[in-house]
1. For segment 193-299, which whole-number percentage of the solvent-accessible area (1.4 Å probe, protein heavy atoms only) is attributable to carbon and sulfur atoms?
2. Please state the relative contact order of segment 2-148 as a whole percent: Cα pairs under 8 Å, 6+ residues apart?
3. Add +1 for every Lys or Arg and -1 for every Asp or Glu among the other residues with Cβ under 12 Å from the Cβ of S124, and state the total.
4. Pairs K107/K154; K154/K262; K107/K134; K107/K262; K134/K286; K134/K257: which exceed 27 Å Cα-Cα?
5. Considering the dipole of the chain built from charges on the beta carbon (Lys and Arg +1, Asp and Glu -1) around the Cα centre, which of M181, G153, V254 is farthest to its positive end?
6. Could you tally the net charge around L260, taking each other residue with its Cβ under 12 Å from the Cβ of L260, Lys/Arg +1 and Asp/Glu -1?
7. Percent relative contact order of the chain, based on C-alpha pairs within less than 8 angstrom and at least six residues apart?
8. Please sort by residue number the trypsin sites (Lys or Arg not before Pro) in segment 197-259 whose DSSP state is loop and whose Cβ has at most 16 other Cβ atoms within 10 Å.
Amino acid sequence: MLLITGATGFIGRQLVARLVAQGERPRCLVRDLRQASSSLPVESVELVQGATTQPATLEPALQGVDTIIHAAFMTADRKQSPGNNYEETNVGGTSNLILAARAAGVKRMIEISGLGTKPDKPGSYMQGRYLSEKMLMESGLDWTIIRPSVLFGKGAPFIKGLTELIETAPVVPLIGGGKTMFQPISVDDVVTVIIKVLQDPDRTNRKIFTIGGPEYYSFSQIFDMLLQATHHSRPKVYAPTPLVGVGAAVMEAVLPKPPLTKAAMALFSFNNTTDLDSVERDFGFKPQSFKTYLETQGV
Ligand SMILES: NC(=O)c1ccc[n+]([C@@H]2O[C@H](COP(=O)([O-])OP(=O)(O)OC[C@H]3O[C@@H](n4cnc5c(N)ncnc54)[C@H](OP(=O)(O)O)[C@@H]3O)[C@@H](O)[C@H]2O)c1
């Protein structure tokens with residue numbers, strides 16, 4: 001039995017849809033059964049109510065499970081709130097899941113992490129992501145970690161956020177000068193990689209796969225492509241990183257869904273790139289081009 005955490009998320013929903021289309025019936029750990037029923041094919045999956053932050057819910061959810069795909073993380077673009085914060089969800093939640101998995105005799109866990117995960121200041125978002133990987137590597141379970149670059153595809157949070165900014169702001173801010181490099185990869189291709197990992201436990205055990213699409217783009221180029229795809233024209237202004245950090249802090253304090261969070265600023269402190277042939281080399285297929293996707297399907 002396969003258990004998916006984060007099944008109602010952007011990646012999780014597409015992963016579930018693909019597995020169901022292949023005739024599988026995964027078990028999905030969901031926090032809200034009613035909401036999950038509107039985003040998941042309830043007839044074809046097994047829904048279990050629970051949360052990684054509520055250890056008592058994990059024992060029944062893990063009965064008979066041999067493999068977990070763990071995608072229940074609080075991403076950096078989400079504003080923290082009581083009971084929903086990076087530390088409790090990403091570090092505490094993963095720790096609870098590993099403990100419960102070991103107790104339940106689960107064999108293997110696949111963690112959906114992010115490109116660039118590395119140690120950082122204690123308590124920071126990035127340190128939490130780093131610890132959630134480290135705990136899994138030291139868990140005694142069989143493990144695989146997948147670290148994608150930013151994603152594109154229908155409803156992709158990164159692209160959606162930038163498109164909304166283009167539609168609402170009079171100018172587009174080039175954080176740190178817009179030079180940070182990204183390697184967008186389609187959610188379809190990430191799901192294909194997850195399924196290939198799932199199907200090949202021997203080759204993928206104890207490995208980290210850092211994956212990105214077939215092209216590199218600077219943040220400024222991504223804005224240009226989105227401006228073109230949405231038929232908008234906006235002046236691009238240089239926005240020094242410290243100033244944007246202050247802006248993000250203010251927006252987080254006053255807006256329920258801020259367009260930028262302080263934690264998301266971490267994404268701009270390094271190039272979000274890996275080898276251009278990462279997917280083809282490790283998984284044997286060519287990932288989709290972001291440019292072609294925009295030209296053929298729009299944002
Ligand atoms: N999207 C990207 O561009 C991107 C790029 C690189 C890496 N990733 C990584 O991929 C993973 C999945 O990302 P995503 O974009 O699919 O995230 P997402 O859309 O924000 O979904 C997060 C999922 O986690 C669930 N969740 C949150 N806290 C939970 C808890 N305590 N217990 C159980 N479930 C909980 C959410 O459930 P609810 O429905 O109840 O909120 C939701 O299903 C993350 O590790 C992310 O960093 C994403």
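The values are calculated or read from the model by the stated rules, or taken from the named source; none is laboratory data. Keep in mind it's a predicted model, so treat the numbers as computed, not measured. Positions of Cβ are generated from backbone atoms using ideal geometry, with glycine treated the same way; all protein chains shown enter the neighbour counts. The area values use the complete protein model at the heavy-atom level, side chains included, leaving out ligands, DNA and RNA. Shrake-Rupley method; radii C 1.70, N 1.55, O 1.52, S 1.80 Å.
1. 55
2. 21
3. Net charge in that neighbourhood comes out at +2.
4. K107/K154; K107/K262; K134/K286; K134/K257
5. Farthest along the dipole direction, towards plus: V254.
6. +1
7. That works out to 17 percent.
8. Qualifying residues, ordered by number: R206.
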